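The values are calculated or read from the model by the stated rules, or taken from the named source; none is laboratory data. Just so it is clear, the structure is predicted and the values come from calculations on it, not from any experiment. Using ideal geometry, Cβ is built from the backbone for each residue, glycine included, and neighbour counts are taken over all protein chains shown. Calculation scope for accessible area: heavy atoms of the full protein, side chains included, ligands and nucleic acids excluded. Shrake-Rupley method; radii C 1.70, N 1.55, O 1.52, S 1.80 Å.
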Amino acid sequence: MANLKLLLVGIGNPGQKYANHRHNIGFVILDSFLNSSSGSYQENSKYSLARTDEDGITLFYLKPLEFMNLSGKAVAEIAKKNGIPPENILVIHDEIDFEFGKLKLKGGGGHAGHNGLRDIVEKLGSNAFFRLRFGVGKPSESSEVPNYVLSNFKPEEREKIPELLKASLQKISDWIRERKNGFQKVSDTK
């Protein structure tokens, strides 16, 4: 039986300068999930990529290294190269429309003004991928959004990050299990 291939994508901005920004929570969550397995990243100028194989599932972990707004190129390249359909992709990203700490797993939908998602939809030619949305809160004025997402979490928020990471990793594990169960059902009918 063929392995199920899944692509986990954390989006953010490359470089130490951006490491602790709200916009980079996708990188933080993906790194944490990879650290819980036996994989490690291989890097080039375009992306960091890791792969693990376990229990009939090949998991790819992708961090595009061209800025957030250009995330789609790497996602489309890795998906195409490995034959991964959009419905087997999970993009992990910051969500300003949610209060800090709210987590939601969603399949499909629009980009809601998120430029990283917009680029992924455009380059993949599909919005059928899943998203793990991590609430980072929202400034009172929409003109403040760019500076807000490129700011660090407040100390009281940072204290809550470890618990929120655990919840995020559980949501990713649940998504993987659901994809595997659906894959087995389809495979069993052949």
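If you build a Gaussian network model of the chain, linking Cα atoms that sit under 10 Å apart, which residue out of E99, E87, E159 swings the most?
Maximum fluctuation in the GNM of the chain, among the listed residues, is at E159.
Quick one: what does P(r) look like for the chain with 10 Å bins over all Cα pairs, in whole %?
9, 39, 37, 12, 2, 0
Once the Cα atoms of helix 161-188 and of the chain are each reduced to a long axis, what angle between those two axes, in degrees from 0 to 90 to the nearest 10, is obtained?
20 degrees
Running a GNM on the chain with Cα contacts under 10 Å, which residue among S38, S71, S168 ends up with the highest mean-square fluctuation?
S38
Counting alpha carbon pairs within less than 8 Å and at least 6 residues apart, what relative contact order, in whole percent, applies to the range 4-188?
25 percent
Given the options F130, F67, F33, state which has the largest fluctuation in a GNM of the chain using a 10 Å cut-off (strictly under) for Cα springs.
Looking only at F130, F67, F33, the biggest GNM fluctuation is shown by F67.
Return the calculated 222 nm mean residue ellipticity for the chain, to the nearest 500 deg cm²/dmol, obtained by summing -39500 (n - 2.57) across DSSP H runs with n ≥ 4 and dividing by the residue count.
-11000 deg cm²/dmol
Going by a ≥ b ≥ c, the root eigenvalues of the Cα gyration tensor, does the range 1-50 fall in the rounded group (a/c under 1.5), the prolate group (a/b larger than b/c) or the oblate group?
prolate
State which entries of K73/K171; K73/K166; K5/K138; K80/K154 exceed 32 angstrom in Cα-Cα distance in the structure shown.
K5/K138; K80/K154
With a 1.4 Å probe and all protein chains left in place, how much of the accessible area of the chain comes from carbon and sulfur atoms, in whole percent?
49 percent
Between N181 and A167, what is the spin-label point distance in nm, taking each point 7 Å from the Cα along the Cα→C-beta axis?
Calculated label separation equals 2.2 nm.
Sort K154, K180 by heavy-atom solvent-accessible area, probe 1.4 angstrom, most to least.
So, going from the largest accessible area down, we get K154, K180.
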